[in-house]
Structures are given as C-alpha cells and as structure tokens.
Amino acid sequence: MLAEHAPDVQAMFTAAYERLQDPKPENLHQAGATCRRVLKAVADYLYPTRAPITDSNGRERLVGEEQFVNRLLAYAEEHLPSTVGETWKQSLTDLAGRLDAMNALASKGVHAPEFALFEARHCAMQTYLVVGTSSD
C-alpha cells in the first residue's frame, strides 16, 4: 500500500537502512531523523492535517502539521473496531506509548550528541513495525 500511495516512504526506509550499514555517528543521526520523517509522512498520508478534533475520551486533540503522533493515533482510533471494548482502549494506550517513545528516540537522533548503533537500529525496526501495521 505504501509503495502505491506513499512511495517516498519506501525510499526513506531504504535510506535509513543504508545509513545503518556504515555506523558513523552522522549516519546514525541521519537514520534517526529519517525514522521521524517516515512517521510524519505516514501520518500525512493516513490522516492529513485538519482542525482540532475531539477524541473518544472527549479531549480536544491538535492534529496539525507538527502533531503527526496525534494524527496517527486519531487514524488508529477511527479504524480500530470499538466492539472489543477494553481491549480496544488498551490497544490505543499501547500505541500512544509506543509512538511517543519512538518519536523521542528518533528525536534523539536529531538532537542528542550521542546516538548509539543499537538505538538507531531499534528506532528503524520499531518504525518499520508500526508503519507496516498501520498501513494494512
């Protein structure tokens, strides 16, 4: 689906994995930054920016250009079957935690002076898993 509708994401993944093959600090930072760009690109495709929304808990959520994590969660909330009750709510909670942690890790690739190879690899792997799940 991504290859057809968001081919730039596929190219971003390829670039991130190529950077991981040469684990110089700059390459690792670039891989982390690319993972963050992948999440944003997927959010742009699945849930384009719009005016603030009200989530299932009655809270207003910003879903603008920079709130790509909120947009991914809004997409998930709209597409997860609510018939599973508490399991559904827990799935959203788990996804929110994972996305927040992934964004923080990918941002570390952008802002922190040190970004270890295992962190960059983990960031790329988790990004791939979340994107693959969200695009089914």
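The values are calculated or read from the model by the stated rules, or taken from the named source; none is laboratory data. Given the structure is predicted, the values throughout are model-derived calculations rather than measurements. Cβ atoms come from the backbone with ideal geometry, glycine included; neighbour counts cover every protein chain shown.
Step by step: first the residues of segment 10-24, then only those that are assigned to a loop (DSSP other than H, G, I, E, B) and either touching a Lys or Arg at 6+ places or on another chain (Cβ under 7 Å) or not charged (D, E, K, R) (or both), then the one that is surrounded by the most Cβ atoms within 10 Å (Cβ to Cβ). Which residue is that?
Checking each candidate, the answer is Pro23.
How about segment 25-61: which of its residues are assigned to a loop (DSSP other than H, G, I, E, B), surrounded by fewer than 14 Cβ atoms within 10 Å (Cβ to Cβ) and not small (Gly, Ala, Ser)?
The answer is Pro48, Arg50, Pro52, Asn57, Arg59.
So which pairs qualify, if the first residue must be in segment 123-136 and farther than 13 Å from Thr34 by Cβ, the second must be at pLDDT below 85, the Cβ gap must be under 9 Å, and the two must be at least 6 apart or on different chains?
From residues that are farther than 13 Å from Thr34 by Cβ, the pairs are Gly132/Leu2; Ser134/His79; Ser135/Met1; Ser135/Leu2; Ser135/His5; Ser135/Ala6; Asp136/Met1.
Quick one: would you say Asn70 is free of Cβ contacts under 8 Å to residues at least 40 places away in the same chain and either within 16 Å of Leu129 (Cβ to Cβ) or surrounded by 20 or more Cβ atoms within 10 Å (Cβ to Cβ) (or both)?
Taking the combined requirement at face value, the residue satisfies it.
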